[in-house]
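Participant: Below is the structure I would like to discuss, written out as structure tokens.
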Amino acid sequence: MPHLDSEELSLLALYDEWDDPAGREHLLDCPECAADYAALRRTVEAVRTTPDTSHLSVPGPGVWAGIHRELGLGESVLEDPLAATAADAPAPGDVPPSNVVPLAPTNRGARPKGGGARGGWWQRPGAWLATAAAAVLVVFGAVWTFNRPPQPQELAAAQLTPLAQHSAAGSAKVVAAADGSRSLEVSLDKDEAKGYQEVWLIAPDLSKLVSLGVMNSTSGTFQVPAGLDLSQYPVVDVSDEPMDGNPAHSSVSIARGTLAS
């Protein structure tokens with residue numbers, strides 16, 4: 001099954017109310033995506049934890065410049081988002097007013113009521129925590145995407161329908177791996193062979209054929225020979241072969257279908 005991309009996983013992890021029923025349903029069925037989501041959630045929860053801000057200082061402009069450069073952000077966000085509030089920072093030894101109550105971390109971007117000259121960024125954890133969480137998730141998602149192994153790509157697929165005196169049906173698909181090799185994945189709903197099942201790729205006029213191997217159960221995966229032009233051999237055929245030692249096709253086909261991209 002296709003996996004969720006890094007952006008979708010990040011949005012699901014960052015926002016509990018993000019409207020993506022299909023994505024959340026996918027997490028219930030895909031252990032790999034569920035593990036990635038859990039890692040992202042741990043990052044979000046860690047960032048949302050209200051820190052001790054008593055010793056925080058405004059980071060220098062080089063910090064945002066580095067973030068901007070590493071993430072490849074656009075000119076519209078070139079300015080340090082904390083630069084506008086840096087002037088509000090208290091002088092050394094100043095004590096924030098006792099009537100200023102920090103917002104809960106879940107109030108993203110909200111500004112405390114009555115925030116005066118000293119209502120600086122250090123008194124608004126909801127705003128900068130959400131920003132920090134988003135930045136962390138962008139970096140995490142980029143690293144996750146870079147390190148995640150390339151996923152197999154489906155090149156073509158076919159529905160296999162039963163031939164005369166048979167009722168087995170199923171499907172076949174050609175999948176390309178990261179190294180460029182191709183494989184044919186075949187599945188039938190039953191095994192009707194009196195001898196054994198063999199999987200073939202056949203020309204449209206049935207004049208040429210290539211055997212991919214024996215299928216001992218109702219499904220199997222077979223390597224497609226390198227250089228084989230599938231447009232010349234688009235027909236997938238599952239045959240019933242007798243135990244006679246003859247490598248030729250028996251002319252008894254159980255199911256057949258044509259690959260289409």
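The values are calculated or read from the model by the stated rules, or taken from the named source; none is laboratory data. On a predicted model such as this, the values are computed, not experimentally measured, just so you know. For neighbour counting, all protein chains shown are included, and Cβ atoms are generated from backbone atoms with ideal geometry for every residue, glycine included. Accessible surface is based on the protein model in full, side chains and every heavy atom, while ligands, DNA and RNA are left aside. Shrake-Rupley method; radii C 1.70, N 1.55, O 1.52, S 1.80 Å.
Participant: Considering segment 9-26 alone, what residues qualify as being closer than 20 Å to Arg48 by Cβ and assigned to a helix (DSSP H, G or I)?
Facilitator: Matches in segment 9-26: Leu9, Ser10, Leu11, Leu12, Ala13, Leu14, Arg24.
Participant: Residue check: is Ser207 out of contact with any Ser or Thr (no Cβ under 8 Å at 6 or more places or on another chain) and modelled with pLDDT under 95?
Facilitator: Numbers: out of contact with any Ser or Thr (no Cβ under 8 Å at 6 or more places or on another chain): yes; modelled with pLDDT under 95: yes.
In short, yes.
Participant: Being farther than 19 Å from Ala164 by Cβ and within 37 Å of the chain's Cα centre (by Cα) is the filter here; which residues of segment 200-218 pass it?
Facilitator: Leu201, Ala203, Pro204, Val210, Ser211, Leu212, Gly213, Val214, Met215, Asn216, Ser217, Thr218
Participant: Go through the residues of segment 216-233 one by one and say whether even a single one is open to solvent by less than 50 Å² (accessible area, probe 1.4 Å), farther than 16 Å from Ala176 by Cβ, assigned to a strand (DSSP E or B) and of a type outside the set (Gly, Ala, Ser).
Facilitator: Looking for residues that are open to solvent by less than 50 Å² (accessible area, probe 1.4 Å), farther than 16 Å from Ala176 by Cβ, assigned to a strand (DSSP E or B) and of a type outside the set (Gly, Ala, Ser), one finds none in segment 216-233, hence no.
Participant: Does segment 244-256 contain at least one residue that is under 17 Å from Val174 (Cβ atoms) and in contact with a strand residue (DSSP E or B) (Cβ under 8 Å, 6 or more places away or on another chain)?
Facilitator: Within segment 244-256, the subset under 17 Å from Val174 (Cβ atoms) is 255-256.
Subset that is in contact with a strand residue (DSSP E or B) (Cβ under 8 Å, 6 or more places away or on another chain): 255-256.
Within segment 244-256, one or more residues are under 17 Å from Val174 (Cβ atoms) and in contact with a strand residue (DSSP E or B) (Cβ under 8 Å, 6 or more places away or on another chain).
Participant: Out of (1) at pLDDT 85 or above; (2) under 30 Å from Lys173 (Cβ atoms); (3) buried (at least 17 other Cβ atoms within 10 Å of the Cβ), the odd one out for Asp20 is which?
Facilitator: (3)
Participant: A follow-up question, please. Which residues, counting only those in segment 243-259, are open to solvent by 60 Å² or more (accessible area, probe 1.4 Å), closer than 25 Å to Asp189 by Cα and touching a residue at least 24 places away in the same chain (Cβ under 8 Å)?
Facilitator: Residues satisfying the conditions are Met243, Arg256, Thr258.
Participant: Among (1) open to solvent by 60 Å² or more (accessible area, probe 1.4 Å); (2) under 17 Å from Ser261 (Cβ atoms), there is one condition Ala172 misses while meeting the rest; what is its number?
Facilitator: Of the numbered conditions (1) open to solvent by 60 Å² or more (accessible area, probe 1.4 Å); (2) under 17 Å from Ser261 (Cβ atoms), the odd one out for Ala172 is (1).
To keep it simple, each residue is scored yes or no on (1) among the aromatic types (Phe, Trp, Tyr); (2) under 26 Å from Pro2 (Cα atoms).
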| residue | (1), (2) |
| --- | --- |
| Ser167 | no, no |
| Arg182 | no, yes |
| Lys194 | no, no |
| Trp200 | yes, no |
| Ala203 | no, no |
| Leu209 | no, no |
| Ser217 | no, yes |
| Pro247 | no, no |
| Ser261 | no, yes |
